[in-house]
Amino acid sequence: MIAATSETARRIEAHLSRRARWRLSEIAFWLAALAAIVAFPSRAALINEILVAGLFALSLDLILGLAGIVSLGQAAFLGVGAYAAAILASKDYADPTLGLAVGALVAALLGFVTAPLLLRGADLTRLMVTLGVSLLLGELANRNSWLTGGADGLNFSIAPVLGLFPIGFTGQRNAALYSFAVLFVLFAVARRLRQSPFGLALAAIRENRLRAGALGIDTSWRIVAIYTVSAAYAGAAGALLAQTTQIVSLDLFDFHRSADVMLMLIIGGAGYLYGGIIGAAVFIVLRDVISAATPEYWEFWIGLLLVVLVIVGRERFQDLVRRAASVVVPRPARGDAA
Amino acid sequence: MLTILFDGVAYGMLLFVLASGLSVTLGLMNFINLAHGAFAMVGGYVTALMMERLGAPFLVTLPVAFLVPAVLGVVLERTLYRRLYGASPLDQVLFTIGLVLMAMPIADFLLGDEARQVNLPAWLSGSLNLGGVGISRYRLFIVVVCGVIAAALQLFLVRTRFGAQLRAAVDDARVANGLGIDVDRIFAVAFAVGSGLAGLGGALAADVVGGIDPSFPVKFLVTFLIVVTIGGSNGILGALFGALLLGVLDVAGKYYVPSIGAFIIYAVMVVTLILRPQGLFARRDSR
């Protein structure tokens, strides 16, 4: 490469390629996750839930952590992806990979169409627009029950993955492994994306959109692009959720879905991609433990955790999580999504 | 036709009182207070419980339904909210979602999850016949009360010294402080008024929405936010017009085209935000 002739350029390139390398700790993280599925077949349903929620949180991290765009409407894409996969399966196209692809594509299309709404206005406007879109879609799904089954949901069955591994109630471990594979592949893509020039441009937009624009970065186009990718990820998470639980219901579009996924990401820390998965694990295990003790009031403790988190300072808390996690995963890049 | 229009106006007025507190905290003070519905729920419970347990008359409970959330608001503002005035919108959202998540189980724990009804006194139930138009007495009552509140609030914010100080404190807290305005106190009072109005709205709304239950803060959160976003941050009048617009559209929509239901108000909000990101009645230079 020509740029490598200069000393500075060489050092930058060395730094970037060092960043791009998979660390031992990261490999250990994924192996541990895989081992958990094999080691605890009785908890496969819970692990599957964590993996799917982790993918959903990853989708939010793509826009919040990488580009600094707040959204309260991520549930829109989860719901659309889930319904796309479920409707496809109910029409006898039961292949899960096909459903996954269609779910992600439909969600991506929706993301692409609604992304221009994010380009105007401040954070509050974005929160409201994203929330509004997800509520609109929930209402649409509710009203068009000929397609979505309305409040009754849909009845469908899923063919074995790749024609070999049956998933669902009888094959919960297979379902968890399927989710794991999808999560890993999509995570690897997101990881690559974060380190690409595109990802670096997004970081610039996150830090200061005006200056990024002044540097010649087409900020609008990049926001539309990452929002579309994020929507596709959320759609894939929705499709996985529909396929592995074989249930779709209108509550997929609910406000609390968008709020929960934000909690997960915040608990784990935004911006370094592992945060969503770690946060999903903490959130779901915590919910499982607390709701086993007090089934009706578990929300209270999650709420308390959030209030304490914000009052103490998210950064401080996230540092703690990261320090604890840095044994397992690499130290994240500096600069946090605000 | 006129009845529908009137019902729409009454519903809009109700939305206004519920949301007017939010247009003080969110619209004026720029604090994204998603816990607003929790204060409304407290007000609704105060009225329902006072009537149920103490046999207090409906009108007597209303000031209490204002005061209790207002005091609660001050306490929370002094201890927690004030730390987050300068924080990022994301922090404010997370914090107030946390409060909502705590408020709902607390209400459930203390009062159970069935809805508490507010039984209207005889002189407010039934309907009047004005020139061939059937008008529910309670809705008329709501329109009158809410109209008075709207006027009082607008005068309070625009004409009084306190209102001027509040607007100054919001525009630039440091300069306002330097001019000898006690910004801390102003914000605390404004927050109390906002919370109290929410409580009053909750008390008035209890009958219309079929009782108060622990899920109230979330059920109407979105509606409040829509009112304030559509109205923009231009104080009280924006929220009033936003609320009336939504109320009439929602009631008319549910009557004429019931098949699309709540679709209308969400669509109105999204379209509004596309066309005018700062709200319909925003200041030109709003921040």
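The values are calculated or read from the model by the stated rules, or taken from the named source; none is laboratory data. Not measured: the values here are computed from a predicted model. Don't worry about glycine lacking a Cβ; one is built from the backbone with ideal geometry, like all the others, and counts go over all protein chains shown.
Would you pick out the residues in the range B:57-107 that are aliphatic (A, V, I, L, M), buried (at least 16 other Cβ atoms within 10 Å of the Cβ) and either under 27 Å from B:Phe141 (Cα atoms) or away from chain A (no Cβ under 14 Å) (or both)? Within the range B:57-107, B:Leu62, B:Val64, B:Ala65, B:Leu67, B:Val68, B:Ala70, B:Leu72, B:Val74 qualify.
Looking at this structure, is A:Asp288 modelled with pLDDT under 85 and away from chain B (no Cβ under 14 Å)? First the steps, then the outcome.
Details: modelled with pLDDT under 85: no; away from chain B (no Cβ under 14 Å): yes.
Here the answer is no, as A:Asp288 does not meet what is asked.
List the pairs whose first member sits in the range B:80-103 and is modelled with pLDDT of 85 or more, whose second member is polar (S, T, N, Q), and whose Cβ atoms are under 7 Å apart, counting only residues at least 6 apart or on separate chains? Sorted first by the residue in the range B:80-103, then by its partner, the pairs are B:Thr96/B:Asn33.
Looking only at the range A:106-126, count every residue that is at the interface with chain B (Cβ under 7 Å from one of its Cβ atoms) and in a helix (DSSP H, G or I) and tell me the total.
Of the residues in the range A:106-126, the ones at the interface with chain B (Cβ under 7 Å from one of its Cβ atoms) are A:117, A:120-121, A:123-125.
If we keep only those that are in a helix (DSSP H, G or I) too, we end up with A:117, A:123-125.
Here the count works out to 4.
How many residues, within the range B:74-101, are assigned to a loop (DSSP other than H, G, I, E, B) and among the polar types (S, T, N, Q)? Summing the residues that are assigned to a loop (DSSP other than H, G, I, E, B) and among the polar types (S, T, N, Q) in the range B:74-101 gives 1. The residue pairs whose first member lies in the range A:99-124 and is more than 30 Å from B:Asn33 (Cα to Cα), whose second member is surrounded by fewer than 18 Cβ atoms within 10 Å (Cβ to Cβ), and whose beta carbons are closer than 9 Å, counting only pairs six or more residues apart or on different chains, are A:Gly99/A:Tyr93; A:Val102/A:Tyr93. Could you go through the range A:103-124 and let me know if any residue there is within 20 Å of A:Ser249 (Cα to Cα), at pLDDT below 85, among the basic types (Lys, Arg) and surrounded by fewer than 23 Cβ atoms within 10 Å (Cβ to Cβ). Within the range A:103-124, none of the residues are within 20 Å of A:Ser249 (Cα to Cα), at pLDDT below 85, among the basic types (Lys, Arg) and surrounded by fewer than 23 Cβ atoms within 10 Å (Cβ to Cβ). Taking the condition among the aromatic types (Phe, Trp, Tyr) and at pLDDT 85 or above, does A:Phe156 pass? Here the answer is no, as A:Phe156 does not meet what is asked. Of the residues making up the range A:127-146, at least one is modelled with pLDDT of 85 or more and among the hydroxyl-bearing types (Ser, Thr, Tyr). Residue-level check: of (1) closer than 27 Å to B:Asp113 by Cβ; (2) outside any loop (DSSP other than H, G, I, E, B); (3) at pLDDT below 80, B:Leu200 misses just (3).
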